[in-house]
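One structure is given here, and the rest of the page talks about it.
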Amino acid sequence: MRRVLWKGVVSFGLVHIPVGLYSAEKRNNFDLTMLDRRDMKPVGFKQYNKETGEEVPWNQIVKGYEYEKERYVVLTDEDFRRANVEATQTIDIVRFVEGKEITPMYFETPYYLTPDRRGEKGYALLRETLKHTRKISIANVVIRARQYVAALIPVDDAIVMNTLRYADEVKVADELEVPPNNSKAAGVTPRETEMAVKLVEEMTGDWNPKDYRDTYHEDLLKLIDKRIKTGETEIISATESQETDEKPSRGKVVDLMALLKRSVQDKSRRRSSSDHRREGRSDRLRRKTA
């Protein structure tokens, strides 16, 4: 059973939809223990009083806002809620926009919204309205003492709430060195563009997230398993990377056209070979069933 992170209502005009908020993210974290390399014992971290140096148990730790030097206002979870009860209990829809208007760098963390008691009809109404209009809704919500702007997006039978970054939290690219937004100025020829488009067409397919997996995580586990089997569990490599003053090489000039042609030819051969294999399997299946 998934743990509900937040309960409240979606405010949709005068409609109020009781909902629960659930995480839609599952990270494949690689858990590592920090060790003292001298004796391979775990390194611990503790909360301590900076004046006395004594460890402070969790039940004695409170949150404080420093309004003057070393003078604080202590705030409890109830204080955060009472500051604006409605804001902490409402996903307040303020606008509807085209999904393509929001650029990828603004998306932050996804959550699932589910209807709470007596909220099924309103939930379905909002979901179907978003699908019909092909819009996503923009809302304000407070989660764990922080206000977010969020996008509500219909995904299959569910509504996903994806928190968004604020404008001042996104760095602009105007200080980066990138080619000019003009093919001719960037030195790209029409023939190169045409060949690149052909390569895209050869590599185009349906999006299926199950086609992709964390192969680096798997390879790292294989390396660890190999180290265990050979007994090399506590050996520290002497070839650790070190900082260097050398400037990165710009690399030699490459013939983009030649690389694009080879790429298109390679993709075409692979697709043709795959089609032949599928046809062969179909012929064998037809003969078996004949």
Subset tally (residues that are under 33 Å from the mean Cα position of the chain (by Cα) and surrounded by 10 or more Cβ atoms within 10 Å (Cβ to Cβ)) for region 176-191:
4
What about Leu21, is it loosely packed, with under 10 Cβ neighbours inside 10 Å and not basic (Lys, Arg)?
no
Selection count, region 201-227, where residues are of a type in the set (Val, Ile, Thr), over 14 Å from Asn29 (Cα atoms) and loosely packed, with under 10 Cβ neighbours inside 10 Å:
1
Could you list all residues from region 28-54 that are farther than 30 Å from Glu232 by Cβ and surrounded by 10 or more Cβ atoms within 10 Å (Cβ to Cβ)?
Gln47, Tyr48, Asn49
Can you name every residue in region 157-175 that is of a type in the set (Lys, Arg) and either surrounded by 13 or more Cβ atoms within 10 Å (Cβ to Cβ) or closer than 30 Å to Glu120 by Cα (or both)?
Arg165
Pro154 modelled with pLDDT under 95, under 25 Å from Phe96 (Cα atoms) and surrounded by 14 or more Cβ atoms within 10 Å (Cβ to Cβ):
no
Mind checking which residues of region 25-61 are assigned to a strand (DSSP E or B) and either within 28 Å of Thr109 (Cα to Cα) or of a type in the set (Asp, Glu) (or both)?
Asp36, Glu55
Got a number for residues in region 21-76 being in the same structural domain as Arg144 (by TED's automatic domain parsing) and farther than 30 Å from Arg213 by Cβ?
0
What are the residues in region 96-126 that are within 14 Å of Leu164 (Cα to Cα), of a type outside the set (A, V, I, L, M, F, W, C) and assigned to a strand (DSSP E or B), if any?
Glu108, Thr109, Pro110, Tyr111
On the basis of being closer than 25 Å to Ser23 by Cβ and loosely packed, with under 13 Cβ neighbours inside 10 Å, does Arg118 make the cut?
yes
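The values are calculated or read from the model by the stated rules, or taken from the named source; none is laboratory data. Everything quoted here is computed from the prediction, not taken from an experiment. Glycine gets a Cβ as well: all are built from the backbone with ideal geometry, and neighbour counts include every protein chain shown.
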